[in-house]
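Each remark here refers to the structure printed beneath this line.
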Amino acid sequence: MSPAIPKTIGVVTAGGDCPGLNAVIRAVVKTAIGQYQMDAYGVEDGFQGFVENRFRKFSYTDVSGILDRGGTILGTSNRHNPFRFPRKARDEITFEDRSDEGIANLEALGIEALVCIGGDGTLSIARELKEKGVNVVGVPKTIDNDLAETDVTFGFDSAVSVATDAVDRLHTTAQSHHRVMVVEVMGRYAGWLALGAGIAGGGDVILIPEIPYRLEKICRKLWEREKGGSRFSIIVVAEGAKPEGGEMVVKKVIKDSPDTLRLGGVGKVIADEIEDATGTETRVTVLGHLQRGGSPTAFDRILATRFGTEAVNLIAKCDFGKMVGIRGQEIVPAEIEKAVEEQRLVPPDSSLVRTARSVGTSFGD
Ligand code: F6P
């Protein structure tokens, strides 16, 4: 006998926010209620609300008008892992496994399956919940685009679009002042965002974590451009970029966060070194969280909607423990374990890197 279709589902957004989260929530809730007559609950503030029993029952109309809205109407947290839940006592932080409390909260509401929308941290939690018998389905979110088992995550296209707009704007001011403009973008340990914005914005130098740079190579590129009559240059640098034989620049250590390191500052380091080495006036712009805010692009709205509806279709088939992904034009589910096995980094010989090199872009190597 096939298992009964879940009558009640939950949806949680966890980890850093990004454009498209509301589009997924909308798709999940509308599909669940409209197509399958399920009840749908949202979990407030990621896995913090999961443990603290903060659930919100959604009606169909609760999710109307949110398709184009950035952020998440549920709230999120990138500090709360139910298996390593932080407790602050005076200045000391300790961690405890409170996953059973969260699971009991699901059971009390009759929630039979949970859609977990997030990046590698969230999907690793989903994998652990799966091991404890929870019916989970993952939806891959991150502006870093570093998840395996999908060609692209939602949020990435919107972030690339923001960063590209910034590079376009920096071009005009760089040209006017004959300056080198360094723009630092996010992306954590992966260079997808820098690569995307660098190609789309026509960056002269793109620096990514996967291809360690050498200052003299960057300066050579700037000098060649100067010699060719271009008296300005744009350098797009990923926050995780590092020099050959050197380390990434860490901005902050956040002790109670599952991923304790926050990167940032490499743009300033490079800008100072370039100014010292070449004497050319150099400025740095750090885009930071601007890349995560605002409305999702049309591409991300469509992808998020496809992911959300397919997540519920999987639940309706009792096909749990999967992450929805996109391969080519098709939505293809993958085992959640495989999605979090390793980070998807930019292969240094990938066609995107070769494309950039073909149009004269330097990677500082
Ligand atoms: O993973 C998304 C991301 O925006 C990274 O690109 C960045 O390194 C990190 O999150 C920043 O985290 P926070 O919002 O905690 O500063």
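Side notes on the structure shown:
- For the chain, size of Cβ-based charge dipole, Lys and Arg +1, Asp and Glu -1, in debye: 600
- For the peptides 352-363, 40-51, residues were scored by their other Cβ atoms within 10 Å and the scores averaged per peptide; the highest-first order is 40-51, 352-363.
- Calculated translational diffusion coefficient of region 96-235 (20 °C, 1.002 mPa s; Stokes-Einstein with Kirkwood radius over alpha-carbon pairs) equals 119 µm²/s.
- Under 30 Å of direct C-alpha separation, and excluding same-chain neighbours fewer than eight residues apart, LYS30 reaches these lysines: LYS7, LYS57, LYS130, LYS132, LYS141, LYS317, LYS322, LYS338.
- Centre-to-centre separation between the Cα atoms of region 291-365 and those of region 115-183: 9 Å.
- For LEU129, net neighbour charge (Lys/Arg +1, Asp/Glu -1) across residues whose Cβ lies under 14 Å away: -2
- Converting phi to 3J(HN,Hα) with the Karplus coefficients 6.51, -1.76 and 1.60 and the offset θ = phi - 60°, region 320-337 yields 8, x, 10, 10, 6, x, 10, 10, x, 9, 9, 7, 10, x, 10, 4, 4, 4 Hz in sequence order, with x at every glycine or proline.
- With the simple spin-label model, which puts each label point 7 Å out from Cα in the Cβ direction, the GLU337 to LEU290 separation comes to 4.4 nm.
- Placing unit charges on the Cβ atoms of the charged side chains and taking the dipole of region 261-365 about its Cα centre, the candidate lying farthest along the positive direction among VAL266, ILE326, ASN313 is ASN313.
- All aspartates and glutamates inside 13 Å of LYS255 as judged from Cα atoms, apart from same-chain residues fewer than 8 positions distant: ASP91, GLU92
- Distant-in-sequence amide H partners of LEU207 (H built 1.01 Å from N, under 5 Å): VAL236, VAL237, ALA238
- Near the amide H of TYR213, within less than 5 Å, lie the amide hydrogens of LYS242, GLU244, all on another chain or at least 5 residues away, with H placed in the peptide plane.
- The HN-Hα couplings worked out from phi for region 287-296 by the Karplus form 6.51 cos²θ - 1.76 cosθ + 1.60 (θ = phi - 60°) are 6, x, 6, 3, 5, 9, x, x, 6, x Hz, whole numbers, x standing for Gly and Pro.
- Each other residue within a Cβ distance under 15 Å of ASP272 adds +1 if Lys or Arg and -1 if Asp or Glu, for a net charge of -2.
- Computed from the C-alpha gyration tensor, the three semi-axes of the ellipsoid equivalent to region 165-235 are 21, 16, 8 Å, from longest to shortest.
- Lys/Arg +1, Asp/Glu -1 at C-beta; the chain dipole; positive extreme among ALA104, HIS80, GLY201: GLY201
- Radius of gyration and Dmax over the Cα atoms of the chain, both given in Å: 22.0, 76
- Charged neighbours of LYS88, selected by a Cβ distance under 13 Å, balance to 0 (K, R count +1; D, E count -1).
- Estimated FRET transfer efficiency (ALA104, LYS317; beta-carbon r; R0 35 Å; 0.05): 0.85
- Carbon + sulfur, % of accessible area of region 284-345 - ligands and nucleic acids excluded, 1.4 Å: 53
- log₁₀ of I(q)/I(0) at q = 0.11, 0.13, 0.17, 0.23 Å⁻¹ - region 213-321, Debye sum with one point per alpha carbon: -0.61, -0.74, -0.94, -1.21
- Between the amide H of THR285 and those of VAL182, VAL183, GLU184, distances stay under 5 Å, these residues lying 5 or more places away or on another chain, with hydrogens modeled in the peptide plane.
- Just checking the listed ones, LYS30, LYS252, LYS221: in the Gaussian network model of the chain with Cα springs under 10 Å, the one fluctuating most is LYS252.
- From largest to smallest, the equivalent ellipsoid semi-axes obtained for region 1-160 from the alpha-carbon gyration tensor read 23, 21, 15 Å.
- Helical segments meeting 15 Å axial Cα length and Kyte-Doolittle 0.5 threshold in the chain (DSSP H): 298-316
The values are calculated or read from the model by the stated rules, or taken from the named source; none is laboratory data. None of the values given here were measured: they were computed from a predicted structure. Counting neighbours? That spans all protein chains shown, and the Cβs are built from the backbone with ideal geometry, glycine included. Surface areas here come from the heavy atoms of the whole protein model, side chains and all, with no ligands, DNA or RNA. Shrake-Rupley method; radii C 1.70, N 1.55, O 1.52, S 1.80 Å.
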